[in-house]
Amino acid sequence: MGSSSKERKSDKTTASTKSKKSKTKEKEASDDELSTPKKSTKSKKRKADEDETKEKKHKKEKKHKEEKTDKKDKKEKKDKTHKKDKKPKKSKDDVPAEDELTETAPEPPAMPEPAPVDGLLRFPDFSRQHLLSGESALEAARMGIPHWLAHPATVDRNATAPVADPRFALSPHAIACCEKAGISTLFAVQAAVIPVLRTAHTLSRLRRHVRDLCVSAPTGSGKTLAFVLPIVEKLRQRLVVRLRALVVLPTKDLAHQVKECFDFFCAGTDLRVGLATGDVSLAKEQAALTDQSSNLAGGSSLVDILVCTPGRLMDHLTLTTNFTLQHLEFWVMDEADRLLGETYQDWLPKVQSFIEAPVSPNALTTTGDIPIPDACTSRDPESKLDLLACPPPRIQKLLFSATLTQDPAKIARLKLVRPLYISITDEGKKDQGATTGSTATYTFPSTLTEHYASCPVDEKPLWLIYLLWEQRISGGVCFTKSLETAHRLAQVVQTWATSVPDDAWLGAKIVVAEYSSDLPAAERARIMRLFKQGAINLLICSDLIARGMDVDQIASVINYDVPTHMSQYTHRVGRTARAGRQGSAYTLVGSTQMFHFKKMMTECQHWDGCLNLIKPRKDLLETLRTQYMTALETVDEIYN
């Protein structure tokens, strides 16, 4: 009994201890549950405060950024307005970097060939875009040469095409004239230029802009035919006689030659070709060019094409009634470098002003039954504001030369519109330099053989006689630096020629003639006619016929005086080896002139392998020396 009561006591004690412990745990748990919500509420409040602070900061930064951007936009807008009002001038020292120049002249992407259309053919394209190297492009930029002039479309000078090729779209009349003249193949310059001008004619009918054209091609490559054919093809469809084509040339003889070419291809059409060179009186030319019965608003031309010299053109613009350029569609400048290099009464800006001048109300006297808008062609800039008015045809300017200038100032005077520059070059010379004097500027016929002789300056007449005798020159032209030199040299060689027996030289007498501007026009024409007939062996002249004259009978050219610059040499030797014929050029270089001559040729990469040195036969030279001294004494007696 006692033990059982003790056990019950211990059980009660244990149970009470357990109940106390469980109560303690429940209390701790309840305390924990009460403390946890207080803790989480504080953290959430702290986090909300931080977020609110960050948001305020973000809004403040955003507002500051927007204010800064607004200020920047306002400043840029102000700068743009200022720049628009006043454009900054570029200084000459501002030269773009080499890599920038390379980026401005990317290789043009290959254009996909258009799908053929039934009955239509695409005009042929013989050109390829030429890009300068980085060094040449940098040099061109320093000189201020325009991008289009520094990157011409080059055409291989050996490229040809048949005249009857349907892609040229020449009329049966033009093809028949070419066949009559013995022309069955178009040379490189003709094959390149004719498609461009024919395309421009199509664009002009669609009232789209046409491009001006600059062509650099070797002498004797057929530049005249390259503009004569397209102009005749375009104008032969005209209905009213108006002056639509103006061809300006630097010399009278060259103008006569171009006039003959136009006359040949205009035969059988209604086109009328006029000539104004000053060979006849101004009154006779006025009567042949215009109807002077009354002063008409649109003028009254009697010719469709006018071939002229700059000086005579200025006379007609200022003195001839009804002579107007308002209907002009083609303006051709052959031998353009010389026309731009000489003033000719400051003709270029004056012609530009006459073309752009608005029709004067004082000239609106009477036009018969023709309405004034149909009789006149106004090129006044204000007329372009009338959207319903028919836009006037734009004048297409065509420049041709063997040595086209790269002077930026001279080029800018022409006011060319989207010009295209075509250069006829040798396929082997791929690096087209941009500077004057480079091989890109001067190219020579492939059929030309060039020679030079080193001799004392005072023995040049003797060496000329030696070349005439040794090379059996017939159909030769000798160029001197002045009229006085040409006259005296002709007398010496003529005196020597009279002492030579008739049967000692090719079984005939040696005939030498002087050809200079001091002679009357009739006498020059007579001498040229005899030369073409083969009755004259050697013409001695100044640079009068050094440009543009196309005489088939010239087989040799002799530079008695060394040319002072490469363009002069190019035009002189270009009188021979024309249109694929063989020709020879000789230059007599004095002992003191050899350094300058070699330097000039070397700079143009035309020395090594281009010129052959003449080694004379001493025995023949000494024999001719005796005859020469006798002739010289005779001439001295005449002068004294």
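Selection over region 454-491 of residues that are among the β-branched types (Val, Ile, Thr), under 27 Å from residue 565 (Cβ atoms) and open to solvent by less than 60 Å² (accessible area, probe 1.4 Å) gives a count of 4. When residue 631 is tested against the conditions (1) closer than 25 Å to residue 491 by Cα; (2) open to solvent by less than 90 Å² (accessible area, probe 1.4 Å); (3) in a helix (DSSP H, G or I); (4) at pLDDT below 90, the lone failure is (4). The helices (runs of 4 or more DSSP H) located wholly in region 96-200 that include 2 or more residues which are within 30 Å of residue 236 (Cβ to Cβ) and at pLDDT 55 or above occupy 172-180.
Of everything in region 289-337 that is over 23 Å from residue 231 (Cα atoms) and at pLDDT below 90, the residue that is nearest to the chain's Cα centre (by Cα) is 297. Inside region 319-337, residues that are in contact with a His (Cβ under 9 Å, 6 or more places away or on another chain) and not hydrophobic (A, V, I, L, M, F, W, C) make up a count of 1.
Could you list, in sequence order, all residues of region 534-560 that are modelled with pLDDT of 90 or more and in contact with a helix residue (DSSP H, G or I) (Cβ under 7 Å, 6 or more places away or on another chain)?
Let us first name the residues in region 534-560 that are modelled with pLDDT of 90 or more, namely 534-541, 554-560.
Passing the criteria: 536, 538, 539, 540, 541, 557, 558, 559, 560.
In region 587-628, the residue that is least open to solvent (accessible area, probe 1.4 Å) out of those that are polar (S, T, N, Q) and in contact with a strand residue (DSSP E or B) (Cβ under 8 Å, 6 or more places away or on another chain) is 587.
Scanning region 257-276 for residues that are in contact (Cβ under 8 Å) with a residue 60 or more places away in the chain, of a type outside the set (A, V, I, L, M, F, W, C), part of a helix (DSSP H, G or I) and open to solvent by 20 Å² or more (accessible area, probe 1.4 Å) turns up at least one hit.
Residues of region 550-579 that are touching a strand residue (DSSP E or B) at 6+ places or on another chain (Cβ under 9 Å) and assigned to a loop (DSSP other than H, G, I, E, B): 551, 554, 555, 560, 561, 562, 563, 574, 575, 576, 577.
Can you say whether residue 187 is among the hydrophobic types (A, V, I, L, M, F, W, C), open to solvent by 10 Å² or more (accessible area, probe 1.4 Å) and under 19 Å from the mean Cα position of the chain (by Cα), as far as the supplied structure shows? Against the criterion (among the hydrophobic types (A, V, I, L, M, F, W, C), open to solvent by 10 Å² or more (accessible area, probe 1.4 Å) and under 19 Å from the mean Cα position of the chain (by Cα)), residue 187 qualifies. Filtered by the rule that a residue be more than 22 Å from residue 397 (Cβ to Cβ) and among the hydroxyl-bearing types (Ser, Thr, Tyr), region 291-317 gives 293, 294, 300. Restricting region 383-407 to residues that are modelled with pLDDT of 85 or more and either of a type in the set (Gly, Ala, Ser) or part of a helix (DSSP H, G or I) (or both) leaves a set whose member that is farthest from the chain's Cα centre (by Cα) is 402. Among the residues of region 230-240, some residue qualifies, meaning at least one is out of contact with any helix residue (DSSP H, G or I) (no Cβ under 7 Å at 6 or more places or on another chain), open to solvent by less than 30 Å² (accessible area, probe 1.4 Å) and of a type outside the set (Gly, Ala, Ser). Look at (1) modelled with pLDDT of 90 or more; (2) over 30 Å from residue 619 (Cβ atoms) and you find that residue 410 fails only one, number (1). Per this entry, residue 324 is not counted among residues that are open to solvent by 20 Å² or more (accessible area, probe 1.4 Å), under 21 Å from residue 198 (Cα atoms) and not in a helix (DSSP H, G or I).
Take the residues of region 143-174 that are among the polar types (S, T, N, Q) and under 16 Å from residue 189 (Cα atoms): which is most open to solvent (accessible area, probe 1.4 Å)?
Pass one, region 143-174, residues among the polar types (S, T, N, Q): 154, 158, 160, 171.
Narrowing further to those that are under 16 Å from residue 189 (Cα atoms): 154, 158, 160.
On the way: 154: 3, 158: 97, 160: 78 Å².
Step by step, filter region 143-174, then rank; the result is 158.
Applying the criterion of being open to solvent by 10 Å² or more (accessible area, probe 1.4 Å) and over 16 Å from the mean Cα position of the chain (by Cα) to the residues of region 338-351, the residue that is farthest from residue 292 (Cα to Cα) is 342. Within region 592-608, is there a residue that is of a type in the set (Val, Ile, Thr) and over 25 Å from the mean Cα position of the chain (by Cα)? Within region 592-608 (the criterion being of a type in the set (Val, Ile, Thr) and over 25 Å from the mean Cα position of the chain (by Cα)), the answer is yes, since at least one residue qualifies. Total residues in region 277-312 satisfying the condition of being assigned to a strand (DSSP E or B) and not polar (S, T, N, Q): the figure is 4. Once region 443-493 is narrowed to residues that are among the charged types (D, E, K, R) and touching a Lys or Arg at 6+ places or on another chain (Cβ under 9 Å), the residue that is farthest from residue 189 (Cα to Cα) is 459.
Condition check ((1) over 22 Å from residue 581 (Cβ atoms); (2) among the polar types (S, T, N, Q); (3) modelled with pLDDT under 85) across all residues:
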site	(1), (2), (3)
502	yes, no, yes
506	no, no, yes
517	yes, yes, yes
524	yes, no, no
528	no, no, no
532	no, no, no
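The values are calculated or read from the model by the stated rules, or taken from the named source; none is laboratory data. Computed from a predicted model, the values in this text were never measured in an experiment. A quick note on method: Cβ atoms are made from the backbone with ideal geometry, for glycine too, and the neighbour counts reach across all protein chains shown. Only protein heavy atoms, including side chains, enter the accessible area calculation; ligands, DNA and RNA are left aside. Shrake-Rupley method; radii C 1.70, N 1.55, O 1.52, S 1.80 Å.
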